């Protein structure tokens with residue numbers, strides 16, 4: 001179970017078994033050495049009656065150690081792992097309130113006969129668990145469970161339906177029955193003397209909630225004060241993520257978020273930061289020239305990695321091994337490629353994810369703010385008539401727009417938005433590939449819609465559509481798409497990915513900023529942009545948002561067509577009995593006959609089929 005995770009920790013491995021009166025406990029760990037490279041810091045780690053296995057980094061561990069020393073604790077090594085054990089002994093589950101970092105860990109208390117399991121506030125680090133017939137398993141990745149002879153891999157059809165809608169299985173759900181993920185900002189304790197009867201008996205307890213900050217009163221400060229405080233907070237968070245006993249680098253795309261990380265880290269350093277950019281020029285995915293300009297201006301030690309389209313396509317068959325739960329974000333491909341190249345020079349890479357969710361950077365926020373009210377003002381019959389016309393006109397037939405990034409997929413989503421332009425439906429339409437009614441046609445048998453954070457009602461009704469979208473994204477798209485992608489892509493190549501924007505202090509502050517500090521008159525991420533412009537000229541930064549755009553429609557029509565025919569075949573679909581072949585055949589035929597707006601739907605099906613072929 002630990003060997004199959006060797007890519008996550010190539011520097012060491014250990015496991016121990018403990019025979020208790022009512023249970024046998026096994027703890028295993030794979031080590032990627034980042035802080036305290038000595039053998040002393042290996043895991044499972046012991047302190048008195050406690051045993052720890054831990055994945056992640058606690059960046060402020062030195063400050064917490066100093067506090068613990070004043071309380072009488074003494075330490076024998078330099079690692080953050082040892083600090084966790086002492087902090088847990090001192091404060092119990094309240095210790096997490098002191099941690100600045102990313103973490104998933106389990107602590108076995110031999111005296112109390114309990115196992116404590118926790119995940120960090122944002123969910124940067126993964127934590128899967130399984131419980132059936134008295135067997136409790138946990139791991140950073142599902143592939144460990146397959147190694148256990150008593151793991152029962154039964155597919156959860158409700159989870160399959162959710163995957164088809166969102167391109168991932170939303171937390172806390174899992175693709176398998178009797179299996180879950182710990183929610184971000186949650187923990188639970190298992191009492192081995194009084195074992196749960198089933199997985200639903202394991203009650204997760206929330207210790208941190210982003211809605212506490214979105215529901216708090218907005219700060220009363222002017223824009224200049226807010227900008228100064230934001231920069232100080234960013235500076236602190238970014239500097240913490242440089243703490244390591246191994247080389248650290250930064251992914252630099254040339255966009256505002258990564259430029260912000262790079263600028264604030266380089267400005268007070270004489271040593272040049274190592275920065276990395278990937279381009280795949282022959283598919284038009286090339287931010288490298290922009291990143292190069294920013295790197296040159298800031299004076300970093302910059303590495304530009306150019307990949308061929310063939311290298312990107314050749315990776316696709318390996319995706320189901322590393323993404324061992326169905327996952328359909330195609331930007332996993334360039335993210336994995338840049339991780340592979342960066343690993344040749346560094347062991348830790350900073351990634352600027354989270355900036356869009358926290359500071360309002362996505363185009364969809366812009367659409368909501370610009371058009372939400374206007375759409376609602378259009379009479380229902382007029383909107384529905386337009387949807388009827390759009391259903392008859394393929395996106396491929398629309399001049400100029402048909403060549404725009406992601407237009408085909410957006411055209412498909414616009415139909416749903418026009419049909420019902422409420423905040424809730426706009427958010428769902430922009431997040432889902434298939435509507436609930438389409439899923440009823442798609443699935444071969446009955447399924448239930450899983451409860452997810454997309455349907456959260458925790459935001460006070462007095463708050464704006466912008467806060468609504470940001471809070472939902474922080475708990476859904478960021479957690480289950482972006483963070484899962486970056487964790488698997490970096491760990492595939494034994495690279496530690498760190499997320500400086502996801503320091504909880506940043507979202508706690510930013511959520512209470514007035515909306516116009518983040519989004520004003522069509523300017524997204526206003527406050528981050530203005531901080532960056534102090535270090536990088538505006539004319540160097542101002543250009544349309546690119547994203548990691550993969551030409552899925554072209555690939556599916558050409559290089560991947562054989563893969564589509566192999567995995568999305570009548571015989572395979574009918575043999576599985578999960579999907580309705582007639583429905584899939586319709587969208588497949590429509591796609592190959594020119595309806596490019598179905599490219600993402602076909603990709604979702606292909607990624608599921610390849611996952612099924614690998615793991616079932």
Among the residues of region 275-329, what is the count of those that are surrounded by fewer than 19 Cβ atoms within 10 Å (Cβ to Cβ) and more than 30 Å from residue 128 (Cα to Cα)? 19
Against the conditions (1) buried (at least 23 other Cβ atoms within 10 Å of the Cβ); (2) touching a helix residue (DSSP H, G or I) at 6+ places or on another chain (Cβ under 6 Å); (3) assigned to a strand (DSSP E or B), where does residue 108 fall short? Just the number, please. (2)
Selection count where residues are touching a helix residue (DSSP H, G or I) at 6+ places or on another chain (Cβ under 7 Å) and not in a loop (DSSP other than H, G, I, E, B), scope region 85-102: 6
Region 68-99, residues that are surrounded by fewer than 13 Cβ atoms within 10 Å (Cβ to Cβ) and closer than 26 Å to residue 238 by Cα: 94, 97
Does residue 412 qualify as being touching a residue at least 12 places away in the same chain (Cβ under 8 Å) and in contact with a helix residue (DSSP H, G or I) (Cβ under 6 Å, 6 or more places away or on another chain)? yes
Across (1) surrounded by 19 or more Cβ atoms within 10 Å (Cβ to Cβ); (2) in a helix (DSSP H, G or I); (3) in the same structural domain as residue 319 (by TED's automatic domain parsing); (4) out of contact with any strand residue (DSSP E or B) (no Cβ under 8 Å at 6 or more places or on another chain), residue 516 clears everything bar (1)
Here the qualifying pairs (Cβ atoms under 6 Å; residues six or more apart or on different chains; first in region 195-217 and in a loop (DSSP other than H, G, I, E, B); second modelled with pLDDT under 95) come out as 202/196; 215/460
Condition (residue is crowded, with 18+ Cβ neighbours inside 10 Å, within 30 Å of residue 457 (Cα to Cα) and modelled with pLDDT of 80 or more) applied to region 338-352: is it met by at least one residue? yes
Using the structure shown, decide if residue 457 is out of contact with any strand residue (DSSP E or B) (no Cβ under 9 Å at 6 or more places or on another chain), loosely packed, with under 15 Cβ neighbours inside 10 Å and not assigned by TED's automatic domain parsing to the domain that holds residue 573. yes
By my count, helices (runs of 4 or more DSSP H) wholly in region 225-339 with at least 1 residues that are over 22 Å from the mean Cα position of the chain (by Cα) and touching a residue at least 12 places away in the same chain (Cβ under 8 Å) are 256-266, 288-298, 309-315
Give the residues of region 411-428 that are surrounded by 15 or more Cβ atoms within 10 Å (Cβ to Cβ) and outside any helix (DSSP H, G or I), sorted by residue number. 420, 421
Here's a check for you: in region 173-204, which residue that is more than 19 Å from residue 143 (Cβ to Cβ) and under 21 Å from the mean Cα position of the chain (by Cα) is surrounded by the most Cβ atoms within 10 Å (Cβ to Cβ)? 184
Take the residues in region 561-600 that are part of a loop (DSSP other than H, G, I, E, B) and at pLDDT 95 or above, then tell me which one is surrounded by the fewest Cβ atoms within 10 Å (Cβ to Cβ). 577
Residue that is crowded, with 17+ Cβ neighbours inside 10 Å and over 21 Å from residue 57 (Cβ atoms), where the choices are 244, 226: 226
Inside region 429-464, the number of residues satisfying the requirement of being within 14 Å of residue 211 (Cα to Cα) and part of a helix (DSSP H, G or I) is 3
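Yes or no, residue by residue, for (1) touching a residue at least 40 places away in the same chain (Cβ under 8 Å); (2) in a helix (DSSP H, G or I); (3) more than 23 Å from residue 28 (Cα to Cα):
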residue: 126; (1), (2), (3): yes, no, no
residue: 130; (1), (2), (3): yes, no, no
residue: 138; (1), (2), (3): no, no, no
residue: 144; (1), (2), (3): yes, yes, no
residue: 171; (1), (2), (3): yes, no, yes
residue: 174; (1), (2), (3): yes, no, no
residue: 184; (1), (2), (3): yes, no, no
residue: 187; (1), (2), (3): yes, no, no
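The values are calculated or read from the model by the stated rules, or taken from the named source; none is laboratory data. Predicted, not measured: the structure shown is a model, and the values here were computed from it. FYI the Cβ positions are ideal-geometry reconstructions off the backbone, even for glycines, and counts take in every protein chain you see.
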